[in-house]
1. Picking from 158, 194, 145, 188, which residue would you name as being of a type in the set (D, E, K, R), under 18 Å from residue 259 (Cβ atoms) and in contact (Cβ under 8 Å) with a residue 24 or more places away in the chain?
2. Being farther than 12 Å from residue 214 by Cα and at pLDDT 90 or above is the filter here, so list the residues in region 145-172 that pass it.
3. Quick one: residue 246 ticks every box in (1) within 30 Å of residue 334 (Cβ to Cβ); (2) modelled with pLDDT under 90; (3) part of a loop (DSSP other than H, G, I, E, B) except a single one, so which number is it?
4. Which count do you get for residues in region 372-385 that are crowded, with 16+ Cβ neighbours inside 10 Å and not in a strand (DSSP E or B)?
5. All but one of (1) at pLDDT below 80; (2) in contact with a strand residue (DSSP E or B) (Cβ under 8 Å, 6 or more places away or on another chain) hold for residue 135; state the number of the condition that does not hold.
6. Sort out which residues of region 333-350 are surrounded by 16 or more Cβ atoms within 10 Å (Cβ to Cβ) and outside any loop (DSSP other than H, G, I, E, B), and write them in order of number.
7. Name the one entry in 355, 306, 322, 368 that is crowded, with 16+ Cβ neighbours inside 10 Å and of a type in the set (A, V, I, L, M).
8. Name the one entry in 296, 289, 331, 368 that is modelled with pLDDT of 95 or more, more than 21 Å from residue 152 (Cβ to Cβ) and not hydroxyl-bearing (Ser, Thr, Tyr).
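The values are calculated or read from the model by the stated rules, or taken from the named source; none is laboratory data. What you see is a predicted model; the values in this text were computed from it and never measured. All Cβ positions, glycine included, derive from the backbone under ideal geometry; neighbour counts span all protein chains shown.
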Amino acid sequence: MHKNRLITMTSKEAKRYDIICKLIAKKIDGTEAAKSLNLSVRQVKRIKAKVKKKKIKGVIHGNRGKSSNRQTDRKTITEAKKQLKKIYHDFNPLLAQEKLLEIHQIKLSKETVRQLMIAEKLWIPKKKGMVKKFSWRERKDNYGEMQQFDGSYHNWFESRNEKELDTEQCLLVSVDDANGTITEARFETNEGVEAVFRFWKTYIKTKGAPISVYLDKFSTYKVNHKNAVDNKELMTQFERAMKQLDIKVIHANTPQAKGRVEKMNGTLQRRLVKELRLAKINTITEANIFLKEEFIPKFNKQFQVITKKPTDLHRNLTTKQINNLDKIFSIQTERRVNNDYTIRFKNRYFQLNKIQPTTVYKKDWVTIEEQLGGETKITLRGKYLTFTSLPERPKKVLNVNLVALTKKAPSEWKPPKNHPWRKQFLTNKKQPTPIGC
């Protein structure tokens with residue numbers, strides 16, 4: 001005795017069965033059935049033959065209730081869950097999927113990994129809500145046309161190194177506006193002028209000068225108000241250096257304006273932190289090597305966008321610019337020469353030597369260069385002056401007899417009384433008229 005079996009059908013299958021039954025009963029013809037089902041006449045004929053043979057089961061898909069041929073085996077799923085819980089519990093699904101394939105040779109789709117992480121409560125899916133919309137600026141056409149630049153403070157090493165616990169590390173990063181690649185990245189302790197100069201000196205020596213740099217109004221890059229007194233001399237050093245290299249500086253009024261580098265910072269805070277953890281990197285020195293040799297090439301290969309035009313607009317430096325890179329990327333400050341030819345700078349005193357490559361007068365304004373290597377130099381009219389660093393403050397001298405410092409030392413020799421130079425004055429001197437003549 002056969003028991004009645006309940007057959008579950010979708011509304012689409014029920015509609016298909018009803019039309020095929022009308023076709024079999026000759027209430028409609030094959031062309032009309034094909035139009036109603038949005039199928040070809042040949043497909044309708046095949047379905048009609050299956051219904052005649054299997055009755056209502058003829059319109060039900062043959063794989064219903066069967067396992068998919070592409071189903072991942074349970075052993076792989078079990079191993080993936082194990083690694084997700086053990087290592088990748090705080091990764092996002094995309095990065096977790098990449099690392100499962102790269103390190104463990106477990107090949108799963110991003111969606112499969114996402115569903116596994118949701119099931120294991122390792123990932124909370126984001127709710128679709130009201131998203132504030134911003135109008136995205138069109139990308140530049142060429143690579144090197146614009147670099148978006150920013151510094152991102154973050155606990156990049158997750159407090160693994162006790163020496164790095166005092167402050168968050170700062171990642172300086174530039175993103176090309178045209179293709180979205182990381183053109184340069186460097187870990188520093190801060191976003192000060194020296195750190196920024198080290199970044200751009202390396203960038204320009206390896207890639208050349210971009211047409212423009214797009215950044216925010218942080219005090220390193222811009223004087224933000226007329227009455228600024230704190231660090232005033234340092235705040236415009238960046239603009240001065242970029243001007244000497246003929247690089248246009250553009251200041252963004254809002255973070256969203258330089259959205260590509262802002263988005264990159266968020267991506268790196270999620271992705272790079274995990275990469276540093278897996279590589280067991282805990283110091284800035286190791287991290288900078290890892291960035292250059294491994295992370296950036298791999299990241300750019302995966303996420304690079306094709307530019308509209310193929311030309312690289314980075315410009316090669318002139319010979320003069322190459323020779324002056326140390327000078328350009330130095331902190332430059334103006335100081336006045338004292339009457340005793342000393343210069344005071346940051347509670348240090350420098351005594352200019354008597355012989356100089358150019359003439360130096362009292363009260364001349366000279367430029368103090370603090371170079372990145374730690375060396376201090378003094379320039380006047382494009383010439384480097386020679387000097388000695390004094391151990392303490394010199395005694396105050398109101399004036400000295402030396403009028404100026406020149407290329408030659410002043411002569412201390414004096415002609416004798418019988419020297420021809422003196423005799424000519426005695427010869428030419430008018431003799432007195434004798435009395436009585």
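1. Working: 158 fails: under 18 Å from residue 259 (Cβ atoms); 194 fails: under 18 Å from residue 259 (Cβ atoms); 188 fails: under 18 Å from residue 259 (Cβ atoms).
Result: 145 is the single residue among 158, 194, 145, 188 that is of a type in the set (D, E, K, R), under 18 Å from residue 259 (Cβ atoms) and in contact (Cβ under 8 Å) with a residue 24 or more places away in the chain.
2. Narrowing region 145-172 to residues farther than 12 Å from residue 214 by Cα: 151-172.
Scanning region 145-172 gives 151, 152, 153, 154, 155, 156, 157, 170, 171, 172.
3. Looking at each condition in turn, residue 246 falls short on (2).
4. So the count comes out to 1.
5. Single failed check for residue 135: (2).
6. So the first thing to find is which residues in region 333-350 are surrounded by 16 or more Cβ atoms within 10 Å (Cβ to Cβ), and the list is 335, 337-338, 340-343, 349-350.
Those that are surrounded by 16 or more Cβ atoms within 10 Å (Cβ to Cβ) and outside any loop (DSSP other than H, G, I, E, B): 335, 342, 343, 349, 350.
7. On the way: 355 fails: crowded, with 16+ Cβ neighbours inside 10 Å; 306 fails: crowded, with 16+ Cβ neighbours inside 10 Å; 322 fails: crowded, with 16+ Cβ neighbours inside 10 Å.
So the residue among 355, 306, 322, 368 that is crowded, with 16+ Cβ neighbours inside 10 Å and of a type in the set (A, V, I, L, M) is 368.
8. Values: 296 fails: more than 21 Å from residue 152 (Cβ to Cβ); 289 fails: more than 21 Å from residue 152 (Cβ to Cβ); 331 fails: modelled with pLDDT of 95 or more.
None of the others qualify; the one that does is 368.
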